[in-house]
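Engineer: Take this structure, written in structure tokens, and hold onto it; I'll ask about it next.
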Amino acid sequence: MATPSLPIEVIEHALSFLDGDLQALAACSLICRSLLPGCRSLVWRDVDLNVPAYKLKERLDKLTEILAQVPDIGPHVGSFTILCGQRARMSVEGAIHLCQLFPALQSLILYSVDSADLPALFALVDSVPTLEALCLFDIGDNFVRASTLYSLPSLPPLPYITEKSNNSSERGAPFQSNLRVLSMVGRRKLRGPSFQAIAPFVKNSGRESSSLRFLDLRAPVNNDLKDEPRVPSFASQLIHFGISVNDLQENGDIDPLGREHMANVFSDLPRCSSLRSLCIQYDASAAFFHREYLQRMHRAPLDSSRVWIYPFFLEKLYSLLSAPGDPPFPDLERLTLVFLNPIDWLLNCQEAFDQLAQAFLDVGDQGTRRYPRFARLEIQVMIADLNFVLGKHARVSEARAHFLEMREKAMPLFAGFTRAGVEVEILWVDRMYQVERA
């Protein structure tokens, strides 16, 4: 009498409980040959190369060697990440070569990307039809040293991105992509020509037949207002949008061009009528760096009373959210505010945050909240220790202790949100792009 066997679906479900336990998965794959594909899928689903720059080539070569010896591994790779530290340009060539060995690749995440490599990466998107997420961090011109003063975008939970467009590009069209997530983030300003290389790709990615739903354009452009990232014409199809604004010059004075760009952004944001998640990055890092540099070099006295940001962009956001008529984002569920400045600099913004809370909690003509789904406010701030940012004599424990102390002082700023039951979280993004939580 034949021994009854379990359905393969039951076995695969049991294996899923071993996800992350490499030793257990290795043991299972050796016990039974039929378990090998399921175990291999869990082991190789996410390939993450988080290594120092000097070891990156060695790791890429080793991974290429493994894939050449066992080609059956390639189809199991769904996500590929390369983070090579702070002091080297990321090897785009190596990434592109490996991606061609991953026929089922869905997510590509790269750090320290030179803008000169963007055309090659955009061509890769067209050649990998399974790719659904492209996230590029620390984009810069003439890359020498990776900047660290921006944060990872806080991606909406996966249920947000469940519907894939069934429409496809016409056969023979010049651009074909299944991207649902496109994120390009950097603090260092790009020159106009660099962004001009980005703009056509973004426009093509958002064509009516595309499935693009998550767009994060937090890569500012250097001294050229006409090239600054703007709200795209296809914004109505997005469920997440992120953009960077700035109105502070290096010396702390108001930047008129920055204010003009900010006004343009907020006037165009109502196009994003389907948003569930909005991320606005306020970039005061130039003023912060300048101040810290002067303080450490003792080349100029500092005005201790001027250690804050102007709440102008918060006031513009309040005006947008509270404008008469239908709310611009009726389905908005969460707001992420990224401040590229120390948490201390927020302490003068109490009135602006109170207004913002009121805008979200106001009751409309129907007797219900204008933003009934809004449930989360996420604040991300830059660390306040320049030595730690630059990686010199890093005092991680001191920086963390300072952040925790200042976070307690900053929490009352958001009392209007917490009283209404909105979840508020203040996060610290360190120099290796990791989010620090309580």
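Engineer: Karplus couplings for the stretch 63-70 from phi (6.51 cos²θ - 1.76 cosθ + 1.60, θ = phi - 60°), rounded to Hz, Gly and Pro as x?
Structural biologist: Working through the residues one at a time gives 5, 4, 5, 4, 5, 5, 6, 10 Hz.
Engineer: Could you state how much accessible area residue 19 has, in square angstrom rounded to the nearest 10, with a 1.4 Å probe and all protein chains kept in place?
Structural biologist: 70
Engineer: Under a crude label model (7 Å from the Cα following the beta-carbon direction), how far is residue 13 from residue 290 in nanometres?
Structural biologist: About 6.1 nm separates the two model spin labels.
Engineer: R0 = 22 Å: FRET efficiency of residue 373 with residue 319, Cβ-based, nearest 0.05? Working shown, then result.
Structural biologist: On the way: r = 21 Å, r/R0 = 0.96.
Efficiency, rounded to the nearest 0.05: 0.55.
Engineer: For the stretch 99-110, what does the Karplus curve 6.51 cos²θ - 1.76 cosθ + 1.60, with θ = phi - 60°, yield as ³J(HN,Hα) per residue in whole Hz, taken in order and with x for Gly and Pro?
Structural biologist: Calculated HN-Hα couplings, in order: 4, 6, 9, 10, x, 10, 4, 10, 9, 10, 10, 10 Hz.
Engineer: So how exposed is residue 308, as accessible area in Å² (1.4 Å probe, rounded to 10)?
Structural biologist: The accessible area comes out at roughly 100 Å².
Engineer: Right, here's the next one. Using a 1.4 angstrom probe with every protein chain in place, what is the largest-first accessible-area order of 369, 407, 218, 271?
Structural biologist: 271, 369, 407, 218
Engineer: In addition: Amide H neighbours of residue 427 under 5 Å, at least 5 residues apart or on other chains, H built in the peptide plane: list them.
Structural biologist: 379, 380, 381
Engineer: Okay, moving on. Distance in nm between label sites at residue 26 and residue 326, each 7 Å beyond Cα in the beta-carbon direction?
Structural biologist: 5.8
Engineer: Out of residues 5 or more away from residue 183 or on other chains, whose amide H comes under 5 Å of its own, with H placed 1.01 Å from N in the peptide plane?
Structural biologist: 134, 135, 136, 216
Engineer: Moving to a separate point now. Hey, what do the phi angles of the stretch 42-49 turn into as Karplus ³J(HN,Hα) couplings, whole Hz, using 6.51/-1.76/1.60 and θ = phi - 60°, x for Gly and Pro?
Structural biologist: Computed from phi, the couplings for the stretch 42-49 are 6, 5, 9, 4, 10, 9, 10, 9 Hz.
Engineer: Right, something else. Taking the Cβ of residue 240 as the center, what net charge do the other residues with Cβ under 9 Å away carry, scoring Lys and Arg +1 and Asp and Glu -1?
Structural biologist: Working: positive: 213, 276; negative: 216.
Residues near residue 240 contribute +1 overall.
Engineer: Working with all protein chains in place, sort 57, 62 by solvent-accessible area computed with a 1.4 Å probe, largest first. Walk me through the numbers before you get to the answer.
Structural biologist: Values: 57 140, 62 105 Å².
Greatest to least solvent exposure: 57, 62.
Engineer: Please give the solvent-accessible surface of residue 61 in Å², to the nearest 10, using a probe radius of 1.4 Å with every protein chain present.
Structural biologist: Residue 61 has an accessible surface of roughly 80 Å² with all protein chains in place.
Engineer: In terms of solvent-accessible area of protein heavy atoms at a 1.4 angstrom probe, what is the ranking of 13, 240, 76, highest value first?
Structural biologist: Values: 13 110, 240 0, 76 50 Å².
Order by accessible area, largest first: 13, 76, 240.
Engineer: Separate question: If contacts are Cα pairs under 8 angstrom and at least 6 residues apart, what is the relative contact order of the stretch 330-373 in percent? Write down the numbers at each step before the final one.
Structural biologist: Details: 21 pairs, mean separation 23.6, N = 44.
With pairs under 8 Å counted, the relative contact order is 54 percent.
Engineer: Quickly work out the residue 419-to-residue 350 label distance, labels modelled 7 Å from Cα along the C-beta direction, and quote it in nm with one decimal.
Structural biologist: 1.3
Engineer: Determine the distance separating the Cα centre of the stretch 305-343 from the Cα centre of the stretch 7-53; give it in Å without decimals.
Structural biologist: Going from one Cα centre to the other spans 44 Å.
The values are calculated or read from the model by the stated rules, or taken from the named source; none is laboratory data. Predicted model only: the values in this text are computed from it and were never measured. FYI the Cβ positions are ideal-geometry reconstructions off the backbone, even for glycines, and counts take in every protein chain you see. Side chains are part of the model used for accessible areas, which takes the heavy atoms of the whole protein and leaves out ligands, DNA and RNA. Shrake-Rupley method; radii C 1.70, N 1.55, O 1.52, S 1.80 Å.
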